[in-house]
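Enquirer: Quick one: the structure is below, questions incoming.
Coordinate-derived values only; no laboratory data. Please read all numbers here as calculations on a predicted model, not as lab measurements. Every residue, glycine as well, gets a Cβ built from its backbone with ideal geometry; the counts of neighbours run over all protein chains shown.
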Amino acid sequence: MAKKKKGKAKERKGKKPKRKKPAYKISAVYEVTGDTLKRKNKSCPKCGVGVFMASHKDRWTCGKCGYTEKK
């Protein structure tokens, strides 16, 4: 058997520290009307209520099933 070379091995000292991400703007997602909150995005007609579609420049797209509508 070949012997392993004893070189500089990288030592792992645990997990990397988490990076701080910018805060997400909740006001950009929800709309307040009176005492109720309403989501600005459309929900997917195939997946049902609770799965929202992403708004692109020229289309609406569901991230779960891939359903697409043109604007």
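Enquirer: List, in order, the whole-Hz ³J(HN,Hα) value for each residue of segment 33-38 obtained from phi through the Karplus relation with A = 6.51, B = -1.76, C = 1.60 and θ = phi - 60°; use x for Gly and Pro.
Expert: 10, x, 9, 10, 9, 10
Enquirer: 7 Å from Cα along Cα→Cβ at both K38 and C65: what's the point-to-point distance in nm?
Expert: Computed distance between label sites K38 and C65 equals 2.4 nm.
Enquirer: Please report the net charge: other residues with Cβ closer than 12 Å to the Cβ of C62, K and R +1, D and E -1.
Expert: Summing Lys and Arg as +1 and Asp and Glu as -1 gives +3.
Enquirer: Oh, and also: Show the residues, 5+ positions off or on another chain, whose built amide H is closer than 5 Å to the amide H of Y67.
Expert: So Y67 has HN proximity to C62.
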